């Protein structure tokens, strides 16, 4: 079996949400696993000199409009969260704690987080909410609450972000297949093509 | 007949070259004219705070690699020009002089310029080369040479760039269909979809 496709995302990124909604399709169409990897994109921005889209004149307004229409195009439930962007530390740390035990469970949790933020507009920086979201996918609340504050998982998220940056990740979402990096939800068709053909 | 799709490009932009190679397909598939519009993307960058890709750490290296693989994917003749980017004033002014007389001829000229730069690696900032390229598509050399230096067409290029910026153009290529803007060659399928359906 071929290597997994790495799917790097920040929970605070609308384009990552749209990519997440299409990640399972990418997996079964390409015949590869898609390994979800939460990162703190702000750290990658510091390395590349990038800024959040909404902090950029003209491009920021374009992006807000684009998120609305892309959501309509792919029939994604979507509303701009009142608090945007937010620091996604709590769900990201919890994600890595789960990913080590069970990738499938970690993905279900990640989907619940994305949905809460971009479909319901809830504040995913709030640990109490994150614990509640975990409960909806069967995760023990006390264990999740502890993990999200544990130095081990704080460090793990830092390390995973650092590794991503070393792989050339500079935006969210970002895919790596067989060492080849692709930036953006718009590139998922190319990622699929590369994965199937082993490059071109 | 529906309104034309505006296709904004800077002759110095590799992604605009890839879009140009697919612009005729966009036209006949969508049943709309595609109106080619040369602009000076540097002016739009000043308005939006953007920088040329190759001046950005990490993203610049990604872009150079991406141009190579996108060229392979779409079977485009491509080599990185030795001089890159260049100021594309001469061909852009000549383009507008031609576009006023004959859009089809202006497009043939634009294709010759893109090909010279990105397939042959020639220096399209050189007026003598631009005149020679015009000759290959049947344009009188003396008239083109005069037009490219005429204050009227210098101003026209400035005005067209200004108008583009007012329409929200901040990158190259950029498409506008029925007032809806789309940034990037990656969005051509969406542009086609929007053009056919009149939005979504």
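Tabulated data for the structure shown
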{"quantity": "Cα-based shape type of chain B, given that a ≥ b ≥ c are square roots of the gyration tensor eigenvalues and the cut on a/c is 1.5", "calculated": "rounded"}
{"quantity": "Separation of the residue A:61 and residue B:43 label points, Cα + 7 Å toward Cβ, nm", "calculated": "1.8 nm"}
{"quantity": "Extension gain from residue B:29 to residue B:200, taking 0.36 nm per residue of separation minus the Cα-Cα distance", "calculated": "59.8 nm"}
{"quantity": "Helix-derived mean residue ellipticity, 222 nm - over chain A, DSSP H n ≥ 4, -39500 (n - 2.57), to 500", "calculated": "-17000 deg cm²/dmol"}
{"quantity": "For the range B:5-197, share of DSSP beta bridges that run antiparallel, in % to the nearest 5", "calculated": "60 percent"}
{"quantity": "Chain B, rotation onto A, residue closest to that axis via Cβ, with its distance in Å", "calculated": "B:186, 2"}
{"quantity": "Order of B:124, A:74 under a 10 Å beta carbon neighbour criterion, fewest first", "calculated": "A:74, B:124"}
{"quantity": "Using a 7 Å Cα-to-Cβ projection, residue A:54 label spacings across copies, nm, ascending", "calculated": "3.5"}
{"quantity": "Overall form of the range A:69-177 per C-alpha gyration tensor (a/c, 1.5; a/b vs b/c)", "calculated": "oblate"}
{"quantity": "FRET E, pair residue A:51, residue B:105, Förster distance 51 Å, beta-carbon r, rounded to 0.05", "calculated": "0.75"}
{"quantity": "Residues residue A:3 and residue A:150, FRET efficiency given R0 of 35 Å [Cβ-Cβ distance, rounded to 0.05]", "calculated": "0.75"}
{"quantity": "Rounded if a/c under 1.5, otherwise prolate or oblate - the protein assembly as shown, Cα gyration tensor axes", "calculated": "prolate"}
{"quantity": "Choice from A:81, A:173, A:57 with maximal GNM fluctuation in chain A (Cα, 10 Å cutoff)", "calculated": "A:57"}
{"quantity": "Cβ-vector label at 7 Å, residue B:28, separations to other copies in nm", "calculated": "3.7"}
{"quantity": "Label spacing, shortest first and in nm, from residue B:140 to its equivalents in the remaining copies (7 angstrom along Cα→Cβ)", "calculated": "8.7"}
{"quantity": "Nitroxide proxy distance, nm - points 7 Å out along Cα→Cβ at residue B:193 and residue B:119", "calculated": "3.1 nm"}
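Read-outs: derived from the displayed coordinates by stated rules, not from any lab. Source: prediction; values computed, not measured. Every residue, glycine as well, gets a Cβ built from its backbone with ideal geometry; the counts of neighbours run over all protein chains shown.
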